[in-house]
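*Asks:* Got a structure for you, questions after.
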Amino acid sequence: MKPLAPHTPLTDYYGDPSQREHYVREIFDETAPWYDWAIRFMSFGSGSWYRREALKRIGLKPGMRLLDIATGTGVVARAAAEVTNDGRAIVGIDASIGMLHSGHVQSAKVQGAAEAIPIRSQSFDALTIGFALRHFADLRAVFEECHRVLRPGGRVLILEITAPESRIPRALLGAYMGRILPAAIRIRTRSARAAELFRYYWDTTRDCVRPDVILDALRAAGFADVQRNVELGIFSEYSGTVNDQNLLMRL
């Protein structure tokens, strides 16, 4: 089956689509030291509260094990550890070794790709992807892997920013994420690459496949009860459940 890319190639950043994966891994490696600060700045400091509440909405609680895909510096993993009261119950996986080294988390960390998760099947009760969906090569492969590593009854939560379809709200969000934020980050970090990362962040958000495509891909991977919850008009929470019947069909 043809891979499902999250967006069309952005050749302003890499010359050829085949270079996309290398570009993404390299820029995250290089900007890891500033990533936590930039994320806090972008969300006006409210990100930690929002992530905890989103995790509670999918039923995360003490005693559950969670896998955080594209964990980065561990912002979602840290929120999950607060909800479960046990950092040892959280595992983070990321392709960027720079991000893994820069993270300050108690959870275990694994370097690996989301399209081929190096973890045995049916190992976790919950799985998260926090604002990283746009950086994968193939959403179908990622969602199938997510389904594989979850136990029956396991829940997936995907957090994303969705660009509004209306022209004026889309333009306002683009001005903030695509121009104001990168300029502020360049001044604060004195890093052109950090500013570039957040311009890229907006461009991938702007061009990301629409929510119905993501929901259909989750269903095709075997998830049941697939839904999208929207907060503040732009924060999408995609969720789904692994049920026994779907799991048996995939074995």
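The values are calculated or read from the model by the stated rules, or taken from the named source; none is laboratory data. This one's a predicted model, so the numbers in the text were calculated from it and none came from an experiment. Because the Cβ atoms are built from the backbone with ideal geometry, glycine has one as well, and the counts that use them run over all protein chains shown.
*Asks:* What are the residues in region 168-219 that are farther than 20 Å from LEU232 by Cβ, out of contact with any Leu (no Cβ under 8 Å at 6 or more places or on another chain) and not in a helix (DSSP H, G or I), if any?
*Replies:* Residues satisfying the conditions are ARG190, SER191.
*Asks:* Still on this structure: Which condition number in (1) surrounded by 14 or more Cβ atoms within 10 Å (Cβ to Cβ); (2) at negative phi; (3) not aromatic (Phe, Trp, Tyr) is the one that ILE187 fails?
*Replies:* (1)
*Asks:* Name the residues in region 36-76 that are within 18 Å of ALA126 (Cα to Cα) and of a type in the set (Ser, Thr, Tyr), would you?
*Replies:* We begin by selecting, within region 36-76, every residue within 18 Å of ALA126 (Cα to Cα); these are 50-72, 74-76.
Within region 36-76, TYR50, THR71 meet the criteria.
*Asks:* Within 25 Å of THR8 (Cα to Cα) and either in contact (Cβ under 8 Å) with a residue 40 or more places away in the chain or not assigned by TED's automatic domain parsing to the domain that holds ALA80 (or both): does that describe GLY174?
*Replies:* Details: within 25 Å of THR8 (Cα to Cα): yes; either in contact (Cβ under 8 Å) with a residue 40 or more places away in the chain or not assigned by TED's automatic domain parsing to the domain that holds ALA80 (or both): yes.
Taking the combined requirement at face value, the residue satisfies it.
*Asks:* On the basis of being surrounded by fewer than 16 Cβ atoms within 10 Å (Cβ to Cβ), charged (D, E, K, R) and not in a helix (DSSP H, G or I), does LYS2 make the cut? If you could, list the steps in order and put the result at the bottom.
*Replies:* Details: surrounded by fewer than 16 Cβ atoms within 10 Å (Cβ to Cβ): yes; charged (D, E, K, R): yes; not in a helix (DSSP H, G or I): yes.
In short, yes.
*Asks:* For region 46-70, what are the residues that are within 25 Å of PHE28 (Cα to Cα) and free of Cβ contacts under 8 Å to residues at least 40 places away in the same chain?
*Replies:* Quick first cut of region 46-70, residues within 25 Å of PHE28 (Cα to Cα) only: 46-52, 54-55, 66-70.
Scanning region 46-70 gives SER46, GLY47, SER48, TRP49, ARG52.
*Asks:* Which residues, taken from region 1-41, are among the basic types (Lys, Arg) and touching a helix residue (DSSP H, G or I) at 6+ places or on another chain (Cβ under 7 Å)? Before the answer, list the steps.
*Replies:* Narrowing region 1-41 to residues among the basic types (Lys, Arg): 2, 20, 25, 40.
Of everything in region 1-41, just one residue is among the basic types (Lys, Arg) and touching a helix residue (DSSP H, G or I) at 6+ places or on another chain (Cβ under 7 Å), namely ARG40.
Matching residues to (1) of a type in the set (Lys, Arg); (2) outside any loop (DSSP other than H, G, I, E, B); (3) crowded, with 20+ Cβ neighbours inside 10 Å:
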residue: GLY59; (1), (2), (3): no, no, no
residue: GLY63; (1), (2), (3): no, no, no
residue: ASP68; (1), (2), (3): no, yes, yes
residue: GLY72; (1), (2), (3): no, no, yes
residue: ARG78; (1), (2), (3): yes, yes, yes
residue: GLU82; (1), (2), (3): no, yes, no
residue: ARG88; (1), (2), (3): yes, yes, no
residue: GLY92; (1), (2), (3): no, yes, yes
residue: LEU100; (1), (2), (3): no, yes, yes
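*Asks:* Restricting attention to region 102-132, which residues are part of a strand (DSSP E or B) and among the polar types (S, T, N, Q)?
*Replies:* Within region 102-132, the first condition is being part of a strand (DSSP E or B), and the residues that meet it are 108-111, 124-130.
Those that are part of a strand (DSSP E or B) and among the polar types (S, T, N, Q): GLN111, THR128.
*Asks:* Given the structure, is GLU165 of a type in the set (Asp, Glu), in a strand (DSSP E or B) and closer than 20 Å to ASP207 by Cα?
*Replies:* Details: of a type in the set (Asp, Glu): yes; in a strand (DSSP E or B): no; closer than 20 Å to ASP207 by Cα: yes.
No; evaluated as a whole, the condition is false for this residue.
*Asks:* Would you check if there is a residue in region 135-150 being in a loop (DSSP other than H, G, I, E, B) and surrounded by 22 or more Cβ atoms within 10 Å (Cβ to Cβ)?
*Replies:* First pass over region 135-150, keeping only residues in a loop (DSSP other than H, G, I, E, B): 136-138.
So of that shortlist, the ones also surrounded by 22 or more Cβ atoms within 10 Å (Cβ to Cβ) come out as 136.
Looking through region 135-150, at least one residue is in a loop (DSSP other than H, G, I, E, B) and surrounded by 22 or more Cβ atoms within 10 Å (Cβ to Cβ).
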